[in-house]
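The structure under discussion appears below in the form of structure tokens.
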Amino acid sequence: MREVPQVSTLRILGYAAKAVGQPLEPFEFAPPELGENDVRVSVTHCGVCHTDIHAIDNYYGITDFPFVPGHEIVGYVSDMGPTVSGLKEGDRVGIGWQGRSCMKCEWCLKGEEQLCMDIVPSGTWVPYGGFSSSVVVDSRFAYPLPPAMPSQVAAVLVCAGITVYSPLREYKAESTQKVAIVGVGGLGHLAIQFAHALGWDVAAISSSPEKREQALAFGADRFIDTTDQAILRQFDFGFDMLICTASGGMNWEALLMTLKKKGKLVLLGFPDVTFNSTDLVAHQLSITGSFLGNRATMREMLGFAQDQGIAPEVELMPMSQVNEAIQRVKENKARYRIVLFNETAAIGAG
Ligand SMILES: [Zn+2]
Ligand SMILES: [Zn+2]
């Protein structure tokens, strides 16, 4: 039996940014109180996501400092409120960006908790995120993991995995259709794997030609190198859907031209988008975003990934090297995601 790390009841150790854009520093805080439906989870692993870095920079305008980032969490339930059901102490769980929701707004009642009208305080970051020894979340957002799934794999799947799986699943109906994944990075390399496993014809579109072999190995049927825009032009009217995982620097008009009429562009990151609307109107295109995924889709995604052998490429680093990890992500050097393991936990890089 694996040893379950114990949380100190006196203090939690984490890494916090004290102000906008600052490097993280060791930070101690009192354990947040446990609500009646909450679980306390000892963090063994936590992925590093672009969203953490944006939040440190207060890009979304919602960050409170000191800020402990981290929202791609795997750990063990160490304590629970009186009304928690379906989990027990010692269970290994994954937690993504959303750690709770109001459970009573229009969207929560529809089972689309990721659209909760009270989304800002729903983040697992509130009050403190996963770059720490433990977190408290609503138990309904702590997902039991397939036993054979490595923790560093699960950590990435509960954020990057659900982010790419949710739109692919929502638009799955006609699997003979062609999809292009724009960007072969942390999100993109998972999107290719999921799209391939769901039966789509998959193109990978990237401005990094050195990623060609890996993109094909992840399951792409073809690789389109956008450093030569003439190649992209060969795919005009080629795709039913574009899933954009890239964070910017796109030639949006050229990309939209690769959509079939009535095609759909789905944005997953938060890129700045500008384009002339002529093709959008004349081709009756749709542009939409997709944010996280609901709880039912999260559970489905974890099972599907396990069954299909879908896993991110992960670099493991100790949590004490969090600033080095963030720097690697900022410089686009991570291949393809970095997961921190918690040296203070009894369980290491399992
Ligand atoms: Zn994330
Ligand atoms: Zn709600």
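Take each of the peptides 103-115, 180-192, average the number of other beta-carbon atoms within 10 Å over its residues, and list them starting from the highest.
Numbers: 103-115: 15.5, 180-192: 28.6.
Ranked by mean Cβ neighbours within 10 Å, highest first: 180-192, 103-115.
The share of accessible area on the chain that comes from carbon and sulfur is 49 percent, using a 1.4 angstrom probe.
A Förster radius of 51 Å, combined with the Cβ-Cβ distance separating Gln284 from Asp307, puts the computed FRET efficiency at roughly 0.90. Our note on the geometry: Cα centres of the range 110-166 and the range 294-315, 13 Å apart. Per-peptide packing, taken as the mean over residues of other Cβ atoms within 10 Å, places 36-43, 280-287 in the sequence 36-43, 280-287 from highest down.
Mean residue ellipticity at 222 nm from the helices of the chain, using -39,500 (n - 2.57) per DSSP H segment of n ≥ 4 over the full residue count, to the nearest 500 deg cm²/dmol?
Theoretical 222 nm ellipticity from helices: -6500 deg cm²/dmol.
Using the Stokes-Einstein relation with a Kirkwood hydrodynamic radius computed over Cα pairs, the translational diffusion coefficient of the chain at 25 °C and a viscosity of 0.890 mPa s comes to 119 µm²/s. Coupling constants for the range 236-251 follow from the phi torsions by the Karplus curve (6.51 cos²θ - 1.76 cosθ + 1.60, θ = phi - 60°), and in residue order they are 4, 6, x, 10, 7, 8, 10, 9, 9, 9, 6, 9, x, x, 9, 8 Hz; glycine and proline get x.
With a Förster radius of 22 Å applied to the C-beta separation of Ala30 and Asn58, the computed FRET efficiency comes to 0.35.
Each residue, Asn251 and Gln22, gets one label point 7 Å from its Cα in the Cβ direction; the gap between the two is 4.4 nm.
In the frame of its principal axes, the range 94-232 has Cα extents of 49, 34, 30 Å, reported largest first.
The values are calculated or read from the model by the stated rules, or taken from the named source; none is laboratory data. Keep in mind it's a predicted model, so treat the numbers as computed, not measured. When we count neighbours, we look across all protein chains shown, and the Cβ atoms used for this are built from the backbone with ideal geometry, even at glycine. For accessibility, only protein heavy atoms count, side chains too; no ligands or nucleic acids. Shrake-Rupley method; radii C 1.70, N 1.55, O 1.52, S 1.80 Å.
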